[in-house]
Amino acid sequence: METYGCQMNVSDGELMAGILAAEGYELVGRPEDADVVLVNTCAIREHAEQRVLGRVAQLNGLKTGRPGLVLGVTGCMAQRMGETLLRDAPYVDLVMGPDSYRSLPESLERLGAQAGDRGTDGDSRRARRARGDRRGQLTVLDLHPAENYAGLEQRRADGPTAWVPIQRGCDHRCTFCIVPYVRGPEKNRAAGEILSEVEGLAGRGVSEVTLLGQTVNSYHWEGVSFASLLRSVARVPGIRRVRFTSPHPSDVTPELVEAMAEEPAVCEHLHLPAQSGNDRTLRRMLRRYTVDDFMGKVEMVREAIPGVALSTDIIVAFPGESDAEFRDTLELMRAVRFDEAYTYKYSRRDGTPAARLPSTDFVPAAEAQARLEELIEVARGIQAEINQSEVGRSEEVLIERPGRREGQVVGKTRRNKVVAFDGCASRVGEYALVGLERTTGATFAGTETSSAATAVRA
Ligand code: SF4
């Protein structure tokens, strides 16, 4: 299984692995060793889709001499392209959208049953397809408004951190975004089920969980708000760190900020997607907040959680964005001073409202690129200044993985900063107090000052 895109997709990959493991499938390390290859895709940007199409064509090479190999494309791009994908990549056997994973074993079985029927010869297969004979190919694209994958277990890689999906789909309709069309409306998971899952993870040695949802803080389940779910998760014995992503600014409420400030396990980091710093653009993006609203949320969070790290997403060159409006976004960046910014050029997605705007509104590619570069420069400059000011601090780091060089480990602080320091790979999963000594601008190098095995908050 190869997964592209956001954390939600990574989590869906774990879900599919769990569903298939329950049916006796095993994950293998290389596609060459697999009987089924699934490419789990993202549709957010055109560029990502092109990359996946190239990769799928490459994987088709594995079919030579192996007629039984099933090549499937799952995820948002599969849902968006549907039958078109089979036309563009006729060697794909299975196209499955994000609401249909429950039926994955059954679909593979159907394809397996037909495997002998698909023929070993590419030309004869092409000939059959030219006749419109789609035997051996399957598209499963139904959107199920209630599918929250209740009762299914994910199969996660071992490690001290875990993604926990609490919500799927989205009820917003931001005009640039394809998500509501490929993932359907918001579907929340039962609070009790989420808590049992987190307890199970803690029992297996996971000490940091990240709650996942498209607008994670709009979560609600039979009277349980996101803030109260967050408090409950933060109190699960063995859980030392809780994060969540991605919240919608409109649902950052005083109740949520209070929970973040009061629960020791909730990390002092908030990813708050701004998208633009201009009111007219925000309105045309249908983001449902103004710059003032956004700044109000930032102020509320910073007041309640001193030193909180903030990250954001920004899109430049949304159709119709003028240069002056883009400059408002730079202004917002300078006013907020985000610790980290994920920056993108607008990518036209057919089926979204923005794609239907007059072609004269579309910002020329060179201009869009220039805006992106300017934004990145400002964002990186701010990030480097903030991180430079943190050199000398001692921070609690959860060791997540071995570093690039032997004898080095890499982990994250509670404020989501990446730190590399000398340590043995066997210590993955442990906490350490690390003095931050240098920064590249984006990440830190440090030296361990002491083990933080019993510290709750650095
Ligand atoms: S809130 Fe907007 S940007 Fe986020 S997933 Fe929903 S529609 Fe897309």
(message) Quick check on my filter: what residues within segment 412-458 are open to solvent by less than 40 Å² (accessible area, probe 1.4 Å), under 20 Å from residue 267 (Cβ atoms) and modelled with pLDDT under 95?
(response) 452, 455
(request) Please go through segment 137-158 and pick out each residue that is open to solvent by 30 Å² or more (accessible area, probe 1.4 Å), assigned to a loop (DSSP other than H, G, I, E, B) and away from the ligand (no atom under 16 Å from the Cβ). (result) 141, 142, 144, 146, 150, 151, 152, 153, 155, 156, 157, 158
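Restricting the search to segment 24-62, which residues are basic (Lys, Arg) and in a helix (DSSP H, G or I)?
Going residue by residue through segment 24-62, those that are basic (Lys, Arg) are 30, 45, 51, 55.
Within segment 24-62, 51, 55 qualify.
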(message) Pairs needed: first member in segment 405-432, in a helix (DSSP H, G or I); second member anywhere, not charged (D, E, K, R); C-beta distance under 6 Å; at least 6 residues apart or different chains.
(response) 425/402; 427/399
(request) Test residue 338 against the criterion of being aromatic (Phe, Trp, Tyr), within 23 Å of the chain's Cα centre (by Cα) and away from the ligand (no atom under 16 Å from the Cβ), and give yes or no. (result) yes
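Among the residues of segment 305-326 satisfying the criterion of being assigned to a strand (DSSP E or B) and either farther than 27 Å from residue 367 by Cβ or among the charged types (D, E, K, R) (or both), which is farthest from the ligand (Cβ to nearest atom)? Give the steps one after another, and end with the answer.
Keep residues of segment 305-326 that are assigned to a strand (DSSP E or B), which gives 309-316.
Checking the rest, the ones that are also either farther than 27 Å from residue 367 by Cβ or among the charged types (D, E, K, R) (or both) come to 309-310, 313.
Details: 309: 21, 310: 17, 313: 8 Å.
Looking at the filtered set, the residue picked out is 309.
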(request) Return the residue satisfying two criteria in turn: it lies in segment 271-304 and is surrounded by fewer than 16 Cβ atoms within 10 Å (Cβ to Cβ) and without any contact (Cβ under 8 Å) to a residue 40 or more places away in the chain, and of such residues it is nearest to the ligand (Cβ to nearest atom). (result) 283
(request) Residue by residue through segment 189-221, note down the ones that are farther than 21 Å from residue 6 by Cβ and touching a residue at least 60 places away in the same chain (Cβ under 8 Å). (result) 205, 207
(request) Scan segment 163-210 residue by residue and report those that are open to solvent by 20 Å² or more (accessible area, probe 1.4 Å), in a helix (DSSP H, G or I) and near the ligand (Cβ under 10 Å from one of its atoms). (result) 181
(request) From 71, 85, grab the single residue that is within 19 Å of residue 32 (Cβ to Cβ) and not in a loop (DSSP other than H, G, I, E, B). (result) 71
(message) Please count how many residues of segment 214-250 are within 16 Å of the ligand (Cβ to nearest atom) and in a loop (DSSP other than H, G, I, E, B).
(response) 6
(message) Of all residues being farther than 25 Å from residue 90 by Cβ and of a type outside the set (A, V, I, L, M) in segment 26-63, which is surrounded by the most Cβ atoms within 10 Å (Cβ to Cβ)? Just the residue, please.
(response) 26
(message) Give me the residue from segment 66-88 that is without any contact (Cβ under 8 Å) to a residue 40 or more places away in the chain and more than 26 Å from the chain's Cα centre (by Cα) and, out of that set, surrounded by the most Cβ atoms within 10 Å (Cβ to Cβ).
(response) 69
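The values are calculated or read from the model by the stated rules, or taken from the named source; none is laboratory data. What you see is a predicted model; the values in this text were computed from it and never measured. Here Cβ is always computed from backbone atoms with ideal geometry, including for glycine, and neighbour counts include all displayed protein chains. Just so you know, the surface numbers come from the protein's heavy atoms only, side chains and all, with ligands and any DNA or RNA stripped out. Shrake-Rupley method; radii C 1.70, N 1.55, O 1.52, S 1.80 Å.
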